[in-house]
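K.L.:
Handing you this structure, nothing more for now.
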Amino acid sequence: MRHFDRHSLKLGLFGLNCSGGLSATRVPERWEGTWEQNLEATKMADAAGLDFLLPLGRWKGYGGVHDHNGGSLETLTWAAGILAATENIMAFGTVHVPLFNPIVTAKQMVTADQIGGGRFGLNIVCGWNEDEFNMAGVEMNTHEDRYEQGQEWVDIVTRAWTSDAPFDYAGKYYSVTGALLKPKPASKNRPLIVSAGSSNRGRDFAARNSDMMFTGIRTVEDEIAADIAQLKALAAGHARNIGMFTNCYVVCRPTAKEAEEYHHYYAVEMADIGAVDSLVARRARRGKFDDLPEEMKRNLR
């Protein structure tokens with residue numbers, strides 16, 4: 001049995017592979033995201049019994065004073081290196097569907113899973129920031145089309161992982177002839193899949209294809225319970241049972257007062273506002289952050 005499967009509550013680290021991690025800050029001790037730092041943190045997490053590492057898929061930084069997330073380690077090769085250096089912890093690779101050929105990527109993921117003895121997982125993302133896609137000369141699909149492409153992609157990948165005979169596939173986005181992958185994943189059945197989605201279409205895609213769904217945390221307990229119940233019901237409609245991932249941050253200091261003071265220091269006093277504004281503007285897709293009302297901009301920051 002994998003370490004990841006031994007209990008229902010999973011604890012992991014998110015975003016180690018990118019400079020700045022999840023904190024757009026100017027403090028001198030900010031996370032640089034070097035391979036040496038990643039390796040040290042990962043070995044500590046593995047020794048402490050944590051369950052997984054989930055990387056950010058990034059191709060371009062958010063600017064600001066230190067170009068938040070500008071330094072990033074590509075996640076499939078990162079995962080392979082992490083898995084070779086650890087014993088129990090699971091490492092995910094984050095894949096932006098339009099940038100990755102399904103057959104080639106299926107092979108890369110099998111290799112990582114073989115290296116880790118069944119400890120590789122896939123975080124599948126159907127869309128992302130348009131300017132990052134532009135770097136690769138890839139046009140961003142419409143919201144509906146990106147999930148249609150994503151379904152073709154995951155169908156091909158999972159079939160390549162499991163089929164013992166060559167297969168063909170003819171779809172709107174992909175055409176595959178005589179595909180056969182050897183070896184197969186070391187994982188039982190296939191690598192674990194996680195997906196996030198906030199829209200109805202995105203949630204349905206995750207419920208249909210993933211083992212774990214990533215959802216943002218809410219501030220009201222009743223809303224959290226209702227949201228999770230809705231997502232599990234959606235998965236049940238596809239005859240599936242999925243788990244849930246969410247994220248939070250930990251500020252570790254000897255006392256609560258010191259933790260609150262340090263949080264204010266790095267997140268408010270030393271915030272990299274240029275990077276924060278860029279991040280929000282990209283998430284707003286084609287909208288302009290500067291055009292938003294001041295109160296809304298303050299809340300988003």
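K.L.:
Nearest 5 percent is fine: what portion of the DSSP beta bridges confined to segment 1-154 is antiparallel?
P.N.:
If we restrict to bridges inside segment 1-154, about 10 percent are antiparallel.
K.L.:
Give me the distance in nm between label points sitting 7 Å out from Cα along the Cα-to-Cβ direction at Val268 and Val27, one decimal.
P.N.:
It works out to 1.4 nm between the two label points.
K.L.:
By counting other Cβ atoms within 10 Å of each Cβ, how are Cys126, Cys18 ranked from fewest to most?
P.N.:
Cys18, Cys126
K.L.:
For Met244, Met213, what's the fewest-to-most ordering of other Cβ within 10 Å of each Cβ?
P.N.:
The most exposed by this proxy come first: Met244, Met213.
K.L.:
Sticking with this structure for a sec: Just to be sure I understand, if you calculate P(r) over Cα pairs in 10 Å bins from 0, in percent for this structure, which of (i) 6, 24, 35, 26, 8, 1, 0; (ii) 5, 21, 30, 25, 14, 5, 1, 0; (iii) 6, 28, 37, 24, 5, 0 do you get?
P.N.:
Among (i) 6, 24, 35, 26, 8, 1, 0; (ii) 5, 21, 30, 25, 14, 5, 1, 0; (iii) 6, 28, 37, 24, 5, 0, the one derived from this structure is (i).
K.L.:
Something else now. Could you rank the peptides 170-180, 6-16 by their average count of other C-beta atoms within 10 Å per residue, with the highest value first?
P.N.:
By packing density, highest mean first, the sequence is 6-16, 170-180.
K.L.:
Which whole-angstrom value gives the distance between the alpha carbon centres of segment 12-70 and segment 216-276?
P.N.:
Segment 12-70 and segment 216-276 have Cα centres spaced 17 Å from each other.
K.L.:
Oh, and also: Using unit Cβ charges (K, R positive; D, E negative) and no other charged atoms, how large, in debye to the nearest 20, is the dipole of the chain about its Cα centre?
P.N.:
760 debye
K.L.:
Moving on to the next point. Under a GNM of the chain (C-alpha, springs under 10 Å), which listed residue has the highest mean-square fluctuation: Phe133, Phe167, Phe205?
P.N.:
Phe167
K.L.:
Suppose only helical runs count, i.e. DSSP H with n ≥ 4. What mean residue ellipticity at 222 nm does that imply for the chain under -39500 (n - 2.57) per run, divided by all residues and rounded to the nearest 500 deg cm²/dmol?
P.N.:
Result for the chain, helices only: -12000 deg cm²/dmol.
K.L.:
Mind sorting Glu130, Glu152, Glu139 by how few other Cβ atoms lie within 10 Å of their own Cβ, fewest first?
P.N.:
Starting with the residue having the fewest Cβ neighbours, the order is Glu139, Glu130, Glu152.
K.L.:
Restricting the count to DSSP beta bridges whose residues both fall in the chain, what percent are antiparallel, rounded to a multiple of 5?
P.N.:
The antiparallel proportion sits near 20 percent.
Where a number appears in this text, it was derived from the coordinates with a stated rule and is not lab data. Values in this document were obtained by computation on a predicted structure and should not be read as measured data. Quick reminder, even Gly has a Cβ in these numbers, built from the backbone with ideal geometry, and neighbours come from all protein chains shown.
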